[in-house]
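Asker: Please find one structure pasted underneath; my questions will follow.
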Amino acid sequence: MNSKVTKRVLIWLFFGMILTAVPITAAAVMSLPKNAGIVDFFELVFNQDLLAVAFTLSAAASADVIFSREGKDGGLLKVGMGSFTMVLAFVSAIGYAIIKSGDERFDPFQTACAVAVFYGTSMACSLVCEALAEL
Amino acid sequence: MAFFLKNFLVIGEVVSFTSTLAVCLLGIAFVKQKRRAESNN
């Protein structure tokens, strides 16, 4: 793999993904009740705050790839991937608004599963966007 | 609208997961086709 791509992806993984997940994970660990199981931890980590992080990171990654000046090939692939990541970012934003407003009462486990899927898909697409931005 | 809000989590989960999977498969197919075309030239 291209060393520029590897460098960019590793930098994004550490400074973008891991560092933003640290305060949310720390808050979940600190508010974990005694005798709590793995499901309680899962429900505390995958809360709506993670969707705000997913929205910000994926919107930034899609802008990176759409306005990338690197290379001449793969323009359609870049714009397509960037637009799709932008759509996922907006899905995360809508999810954040719906969960945070509290108008609908969702099951905590169902909410955590949905947040995990939204976060996972937006982060996977953002990673691909960051790699494509260097190609 | 009320139906959408009530079932947003399930609808969003299914749609975002399947569309991401589809986009990834399309991307892989696109890159493979491009490489094959380049090697033929």
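Asker: Among the listed residues B:PHE3, B:PHE17, which satisfies the condition of being surrounded by fewer than 10 Cβ atoms within 10 Å (Cβ to Cβ), assigned to a helix (DSSP H, G or I) and without any contact (Cβ under 8 Å) to a residue 40 or more places away in the chain?
Answerer: Residue meeting the stated conditions: B:PHE3.
Asker: Please verify whether A:ALA97 is without any contact (Cβ under 8 Å) to a residue 12 or more places away in the chain and at the interface with chain B (Cβ under 9 Å from one of its Cβ atoms), treating the condition exactly as stated.
Answerer: Against the criterion (without any contact (Cβ under 8 Å) to a residue 12 or more places away in the chain and at the interface with chain B (Cβ under 9 Å from one of its Cβ atoms)), A:ALA97 does not qualify.
Asker: Of the numbered conditions (1) touching a Gly at 6+ places or on another chain (Cβ under 8 Å); (2) crowded, with 18+ Cβ neighbours inside 10 Å; (3) closer than 24 Å to B:GLY27 by Cβ, A:LEU51 fails exactly one; give the number of that condition.
Answerer: (3)
Asker: Only one of these is β-branched (Val, Ile, Thr) and more than 8 Å from chain A (Cβ to nearest Cβ): B:VAL14, B:VAL10. Name it.
Answerer: B:VAL14
Asker: Here's something else I'd like to know. Find all pairs meeting these conditions: Cβ atoms under 7 angstrom apart; at least six residues apart or on different chains; first residue within segment A:100-114 and more than 9 Å from every other protein chain (Cβ to nearest Cβ) and farther than 9 Å from A:PHE46 by Cα; second residue assigned to a helix (DSSP H, G or I) and of a type in the set (A, V, I, L, M).
Answerer: Taking only residues 6 or more apart or on different chains, the pairs are A:PHE109/A:VAL39.
Asker: Give the residues of segment A:115-135 that are surrounded by fewer than 17 Cβ atoms within 10 Å (Cβ to Cβ) and within 16 Å of A:PHE41 (Cβ to Cβ), sorted by residue number.
Answerer: Within segment A:115-135, A:ALA116 is the sole residue that qualifies.
Asker: Taking the stated definitions as given, is A:GLY95 of a type in the set (Gly, Ala, Ser), surrounded by 16 or more Cβ atoms within 10 Å (Cβ to Cβ) and more than 19 Å from A:ARG8 (Cβ to Cβ)?
Answerer: In short, yes.
Asker: If I filter segment A:54-77 for residues that are touching a Ser or Thr at 6+ places or on another chain (Cβ under 7 Å) and among the aromatic types (Phe, Trp, Tyr), do I get at least one hit?
Answerer: yes
Asker: In segment B:17-29, which residues are under 14 Å from A:VAL87 (Cα atoms) and at the interface with another protein chain (Cβ under 9 Å from one of its Cβ atoms)?
Answerer: B:PHE17, B:SER19, B:THR20, B:VAL23, listed by residue number.
Asker: Kindly provide the set of residues from segment A:19-60 that are of a type in the set (Ser, Thr, Tyr) and assigned to a helix (DSSP H, G or I), ordered by number.
Answerer: Within segment A:19-60, A:THR20, A:THR25, A:THR56, A:SER58 qualify.
Asker: Mind listing whichever residues of segment A:115-135 are at the interface with chain B (Cβ under 9 Å from one of its Cβ atoms) and aromatic (Phe, Trp, Tyr)?
Answerer: Across segment A:115-135, the qualifying residue is only A:PHE118.
Asker: On to the next question. Which condition breaks for A:ALA60 when tested against (1) within 30 Å of A:VAL5 (Cβ to Cβ); (2) more than 12 Å from every other protein chain (Cβ to nearest Cβ); (3) modelled with pLDDT under 90?
Answerer: Against the list (1) within 30 Å of A:VAL5 (Cβ to Cβ); (2) more than 12 Å from every other protein chain (Cβ to nearest Cβ); (3) modelled with pLDDT under 90, A:ALA60 comes up short only on (3).
Asker: Out of curiosity, is A:SER31 over 14 Å from A:TYR119 (Cα atoms), touching an Asp or Glu at 6+ places or on another chain (Cβ under 8 Å) and of a type in the set (Gly, Ala, Ser)?
Answerer: Answer is no for this residue.
The values are calculated or read from the model by the stated rules, or taken from the named source; none is laboratory data. As the structure is a prediction and not an experimental result, all values here were calculated from the model. Quick reminder, even Gly has a Cβ in these numbers, built from the backbone with ideal geometry, and neighbours come from all protein chains shown.
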